[in-house]
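Scroll down for the structure; my scribbles are underneath it.
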Amino acid sequence: MQIPRLHPDTIEEVKHRADIVDLVSEYVVLRKRGKVFVGLCPFHDEKSPSFTVSPSKQMYYCFGCQAAGNAIKFLMDLGKYQFTEVVLDLARRYQVPVKTLEPEQRQELQHQLSLREQLYEVLASTAQFYQHALRQSLGQKGMQYLQEHRQFKTETIQQFGLGYAPAGWETLHRYLVEDKHYPVQLVEKAGLIKPRKDGGGYYDVFRDRLMIPIRDIQGRVIAFGGRTLTEEQPKYLNSPETELFSKGKTLFALDHAKDGISKLDQGVVVEGYFDAIALHAAGINNAVASLGTALSMEQVRLLLRYTDSKQLVLNFDADKAGINAAERAIGEIATLAYKGEVQLKILNIPHAKDADEYLHSHTAEEYQQLLANAPLWLNWQIAEIIKHKDLRQATAFQKVTKEIVKLLQNIVNSDTLNYYISYCAEILSLGDARLIPLRVENLLTQIAPTSVQSLPLRSRKQKLKTPKLSLVTTERSLLEQAEALLLQIYLHCPEQRQVIIDELEERNLEFSLSHHRFFWQQSLEFPVEEVDLIFSLENKYLELSEDLILISHLFHLNEKTNKEILRTPQVLQATFACMEIVLREKRYRYFMELWEKTDPLTEPEKDKFYADAMYAEKMRLQELDKQRYFSIRELL
């Protein structure tokens, strides 16, 4: 369901009625200390309380991990929910009427919300029906399969709500429509029955199958997976897409695994329902399943909410289909992995088809050791490339080298690239250390080919180096602090806002760091004279579901930043100079690259133009450096 954007009046009323102390007290033991309450932070492990809640400000702040926000932000971070989900839940809790930005959307929203609640109810009743059927004589073969073949204990069967769909064509239909009196159209929308082609009524989607409830992050049943107990195909059947269920956006057992993922700072993704259930039964509580489809970007981002280190382990089956599934999954998230936004590992269990089978003859500790030793995805892919290849054969060597080059060309980080060039050079040298430098040179040439002919007189010009004023490379952290300080001045000193806007426009400056650029764009959406800009911006971020972790410190002034803001003119001068240096260095490098490629004998005018442009940029860089009459290090 695409929920329309909530009306600000609804959001404000929810904030007005929701008391942050009451809400936080449900999850944290708070003690009164002066004007605030304190307790142990729920977002990181600590022994001494550093988490504070202010009733007057209706805000929380942790001095240990810098978590901060209002009641909505607290619930979003704690449960990893979206902004709209939290507001709607609080609206129901405090009986706040729900309005949307467009009046005509309000009735549709209420209808959709009502439909969803009815679907949840139908699916919950269905789950109970299947669980009851499993314990009857008609479900005996299903129970036998779970206990003997899968070796599941009664507690595990109950924990995951496993059940059985009777073999009849209309058994569930009769129970829900005739006995429970649910509208037949509602049961159809829940994905439980289908109309007969001849128009003569409906038939059950799931028949004579073991039933596995698929739940959302809050533990509500949204769909089912059914495993056949006969030779019927397909072996596994999922509910169709519904108002509540989207296969590419759902992960099986995430409601059970979210706490384990957060605690262990790692998510494990397996292929099948029973793999995930078997892992949880063995005490490995950070496992989810991908519902038999290629892992999607939406599923990955859902998982990454719960792990700070962004570490995922793909444990797909060790057969050819599993290898292909792992490669498809890597294809979906390779962009994130290449950038280092996810630490991706691949685990193919030796001498076992899948995790469930492995645990029949091995302990949980042995499986955890496999997880710990799982190779990074690039190492795994390189191993797959060279598997069963005789590198002593010229054709095989050339093919492997070509595939390795294609893989390494996508690596963004230079340190990572250098590591893998050396790593692959050792593999390609076949144990002969004397060949390693040659293999390194060969890989470098293919990964970043350079034509000498395209750079006339390069030897004459290559001695020229970029001036050593690089804040981007050697002082990035200082630039980040300088930009952050500029944004803090904009937030906390309304009288300086127009000055900052004018100066940035006059110098044609931009924020170098992406999270600062985004924050600045959001700031400009509000009037310069906005009185409560901090409050408005935080709400904006929450509604956009943007991560506040990178910019949350901007909303609070500590003793150090308080002192710095008192020196606003000097701070602004140093910060603007710092930002312009970054811009000028980029321009300098740009002109230098063009100059290096220009032959002064055939294009003397271009050669002189680029040389003059480089000189002008260099002079401006020196001027800017002097302009910072006290160093950025002293300032920050």
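Bear in mind these aren't lab numbers, they're just calculated from the coordinates by the rules spelled out. Quick caveat, the model's predicted, so the values are computed rather than measured. We place every Cβ from the backbone using ideal geometry, glycine too, and count neighbours over all the protein chains shown.
Our Cα-only numbers for the chain put the radius of gyration and Dmax at 30.3, 94 Å. Each Lys and Arg Cβ is given +1 and each Asp and Glu Cβ -1; about its Cα centre, the chain then shows a dipole of about 1140 debye. Cross-link reach is defined here as a Cα-Cα straight distance under 26 Å, omitting same-chain residues fewer than 8 places apart; for LYS189 the lysines meeting it are LYS99, LYS180, LYS197, LYS235, LYS247, LYS249. What the Cβ-Cβ distance of GLU495 and ASP265 gives, at R0 = 45 Å and to the nearest 0.05, is a FRET efficiency of 0.55. Computed from the Cβ-Cβ distance with R0 of 22 Å, the FRET efficiency linking ASP308 to HIS388 stands at 0.05. Counting only Cα atoms, the size of segment 249-374 along its three principal axes is 38, 32, 25 Å, in decreasing order.
Gain on full extension, evaluated as 0.36 nm per residue between LEU376 and GLN158 minus their Cα-Cα distance, stands at 74.9 nm. Note on segment 331-440: Cα convex hull, mean projected area over all directions, 8.6 nm².
When the Cα positions of GLY225, HIS181, LEU115 are compared along the charge dipole of segment 106-245, GLY225 comes out farthest toward the positive end, with charges on each C-beta of Lys, Arg, Asp and Glu. Full extension of the segment from GLU121 to ASP532, taken as 0.36 nm per residue of separation minus the current Cα-Cα distance, would add 143.7 nm. In nm, give the distance between the simple-model label positions of GLU510 and MET297, each being 7 Å from the Cα along the Cα-to-Cβ direction. Here the answer is 2.0 nm between the modelled labels. As a rough guide to protection, the peptides 166-179, 258-271, 424-437 ranked by mean Cβ packing within 10 Å, highest first, stand as 258-271, 166-179, 424-437.
A full extension of the chain between VAL29 and GLN82 corresponds to an added length of 16.6 nm, given 0.36 nm per residue minus the alpha carbon distance. Against the longest principal axis of the chain, how steep is helix 83-93, in degrees 0 to 90 to the nearest 10, with axes from Cα atoms? The answer is roughly 50 degrees.
Dipole of segment 328-388 computed with +1 at Lys/Arg Cβ and -1 at Asp/Glu Cβ about the Cα centre; of LEU336, THR363, ALA374, farthest Cα towards the positive end is LEU336.
Count Lys and Arg as plus one, Asp and Glu as minus one, and take only other residues whose Cβ is under 12 Å from that of CYS41; the net charge is then -2. Computed on the Cα atoms alone, the convex hull of segment 383-449 gives a volume of 84 cubic angstrom per residue.
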